[in-house]
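Engineer: Input: one structure, supplied below.
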Amino acid sequence: MNKQPLTLVSGVGVGAGLMYLLDSQQGARRRSIVRDKAVHTLHLGGAALGKASRDLAHRGKGLAVRAGSRLRPDAADDRVLHDRVRSKLGRCVSHPSAIAVSVTEGHVTLAGDVLASEVARLLRTVQGVRGVRDVESRLQVHEKAGDVSSLQGGAVRPGRALRNLPPATRLLLGVAGGTLCATALQRRSPVLGMALGTAGFGLLARGLTNLELRQLVGIGAGRRAVTLHKTVNIQAPVEEVFEFWANFENFPFFMANVLDVRLRDGARLSHWVVRGPAGTHLEWDAEITAFEPDRLLAWKALPGAAVQNAGIVHFSPNDAGGTQVDIQLSYNPPAGAVGHTAAALLGRDPKRELDEDMVRLKSLIEEGKATAGDLTVTRSEVEALFEV
């Protein structure tokens with residue numbers, strides 16, 4: 001294998017990293033951020049390892065008890081079997097209340113409405129319940145919910161729990177991923193090494209972040225690869241805070257990375273220009289999706305946006321006579337959560353920037369002035385810009 005191209009790429013990468021960290025003006029700050037992030041990650045890793053070890057111990061005990069029970073004949077009566085079956089339904093169908101269960105001497109009969117995509121999983125799950133002898137299906141199978149009343153409303157898709165893995169599983173995935181990455185570095189075949197490295201990195205990232213692959217890489221995650229949450233209390237009436245926030249054209253005055261927002265179509269639509277990586281500018285159109293005066297405001301980017309994003313803000317009076325603002329922002333940065341983490345390590349931490357933006361908003365409303373980017377503005381100057 002010719003290692004010269006790999007060595008060259010590695011050298012360029014190391015050189016670029018050193019230039020970034022040793023910059024005469026920003027280098028000290030960047031190194032401090034990387035060091036703080038590393039220490040924080042080590043603390044989180046230690047806590048996660050403790051959780052994983054406890055989870056493994058508990059699961060081991062559970063498996064031992066379960067194995068022992070398998071060796072003993074199950075003398076559970078029909079009522080106990082009925083409860084066991086019903087407890088499993090929520091894991092395999094989206095509408096467990098639509099299914100009736102009856103048990104006679106270990107024979108289980110299922111009746112009611114079910115979606116066709118869930119039948120096989122349902123029968124397999126019930127057949128696997130300890131003590132069940134056989135399963136009879138009298139189910140009414142439907143390709144779609146349609147107008148079937150029992151299949152309407154808040155359905156939870158089966159398998160959703162797989163999105164949040166338990167600590168023990170995350171530990172095993174991390175170990176497996178790290179092993180594959182280490183093995184990839186020793187392979188002489190570039191194709192095999194790349195394949196092992198990609199698989200290993202995916203498993204390692206899944207174990208470390210507990211995020212799905214589409215959230216990690218930003219492909220198919222829509223607007224929800226990364227979600228930020230912030231609550232701030234502002235000493236001003238709800239009506240005043242809501243009015244200020246509802247005018248998106250005010251955002252550049254307290255959000256350092258928002259350069260311009262222009263309203264159109266009766267303020268239902270807006271055009272955004274924000275700072276991107278490496279001095280670039282990103283633009284997109286957004287629309288308001290929910291508007292309840294003095295209570296709630298929500299928006300989302302239109303299809304085709306450079307950065308898919310959405311937000312919802314709740315406004316409510318607090319005990320001090322001011323306003324509690326609860327903000328939830330979801331967005332899909334380039335390279336998904338991996339890109340978000342890389343940006344944080346390089347000093348562009350969206351969570352920290354949101355915190356700082358909310359401090360400026362609070363200052364602008366309460367004290368009448370704030371600084372965003374290189375611009376210091378007063379409340380009177382902002383209001384004067386929008387006077388008719």
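Engineer: Is there a residue being in contact with a Cys (Cβ under 6 Å, 6 or more places away or on another chain) and closer than 26 Å to ALA76 by Cα anywhere in segment 105-124?
Structural biologist: For segment 105-124, residues in contact with a Cys (Cβ under 6 Å, 6 or more places away or on another chain) and closer than 26 Å to ALA76 by Cα: present.
Engineer: Right, next: Which one of VAL261, VAL274 is modelled with pLDDT of 75 or more, assigned by TED's automatic domain parsing to the domain that holds SER330, of a type outside the set (Lys, Arg) and under 26 Å from the mean Cα position of the chain (by Cα)?
Structural biologist: Testing whether each residue is modelled with pLDDT of 75 or more, assigned by TED's automatic domain parsing to the domain that holds SER330, of a type outside the set (Lys, Arg) and under 26 Å from the mean Cα position of the chain (by Cα) leaves just VAL274.
Engineer: Taking segment 137-155 as the search range and keeping residues that are in contact with a Leu (Cβ under 7 Å, 6 or more places away or on another chain) and in a strand (DSSP E or B), which one is farthest from ALA76 (Cα to Cα)?
Structural biologist: That would be HIS142.
Engineer: In contact (Cβ under 8 Å) with a residue 24 or more places away in the chain, surrounded by 19 or more Cβ atoms within 10 Å (Cβ to Cβ) and under 16 Å from GLU353 (Cα atoms), is that true of PHE254?
Structural biologist: yes
Engineer: Could you grab me the full set of residues in segment 115-129 that are among the aliphatic types (A, V, I, L, M) and in a helix (DSSP H, G or I)?
Structural biologist: ALA116, VAL119, ALA120, LEU122, LEU123, VAL126 - these are the residues of segment 115-129 that are among the aliphatic types (A, V, I, L, M) and in a helix (DSSP H, G or I).
Engineer: Do we have THR341 as of a type in the set (S, T, N, Q) and at pLDDT below 90 here?
Structural biologist: So THR341 fits the description; yes.
Engineer: Across segment 88-138, which residue is surrounded by the fewest Cβ atoms within 10 Å (Cβ to Cβ) among those that are touching a helix residue (DSSP H, G or I) at 6+ places or on another chain (Cβ under 8 Å) and among the charged types (D, E, K, R)?
Structural biologist: GLU105
Engineer: Pairs only if they're at least six apart or on different chains, beta carbon under 7 angstrom, first in segment 300-329 and touching a residue at least 60 places away in the same chain (Cβ under 8 Å) and closer than 14 Å to PRO237 by Cα, second among the aliphatic types (A, V, I, L, M) and part of a loop (DSSP other than H, G, I, E, B); list them, first residue then second.
Structural biologist: GLY322/ALA236; THR323/ALA236
Engineer: Let me ask something else. List the pairs whose first member sits in segment 97-122 and is outside the structural domain of GLN140 (by TED's automatic domain parsing), whose second member is acidic (Asp, Glu) and modelled with pLDDT of 90 or more, and whose Cβ atoms are under 7 Å apart, counting only residues at least 6 apart or on separate chains?
Structural biologist: Once the first residue is outside the structural domain of GLN140 (by TED's automatic domain parsing) and sits in segment 97-122, no partner that is acidic (Asp, Glu) and modelled with pLDDT of 90 or more comes close enough.
Engineer: Right, here's the next one. What do you reckon, is GLN324 of a type in the set (S, T, N, Q), modelled with pLDDT of 85 or more and surrounded by fewer than 16 Cβ atoms within 10 Å (Cβ to Cβ)?
Structural biologist: Criteria not met by GLN324.
Engineer: Those residues that are farther than 19 Å from SER330 by Cβ and either within 26 Å of the chain's Cα centre (by Cα) or part of a strand (DSSP E or B) (or both), I need them from segment 241-258; list them, please.
Structural biologist: In the first step, residues of segment 241-258 are kept if they are farther than 19 Å from SER330 by Cβ; the result is 241-244, 246-247, 249-250, 252-254, 256.
Once the filter is applied, which keeps residues that are farther than 19 Å from SER330 by Cβ and either within 26 Å of the chain's Cα centre (by Cα) or part of a strand (DSSP E or B) (or both), segment 241-258 yields ALA246, PHE254, ALA256.
The values are calculated or read from the model by the stated rules, or taken from the named source; none is laboratory data. Bear in mind the structure is a predicted one, so any value in this text is a computation, not a measurement. Using ideal geometry, Cβ is built from the backbone for each residue, glycine included, and neighbour counts are taken over all protein chains shown.
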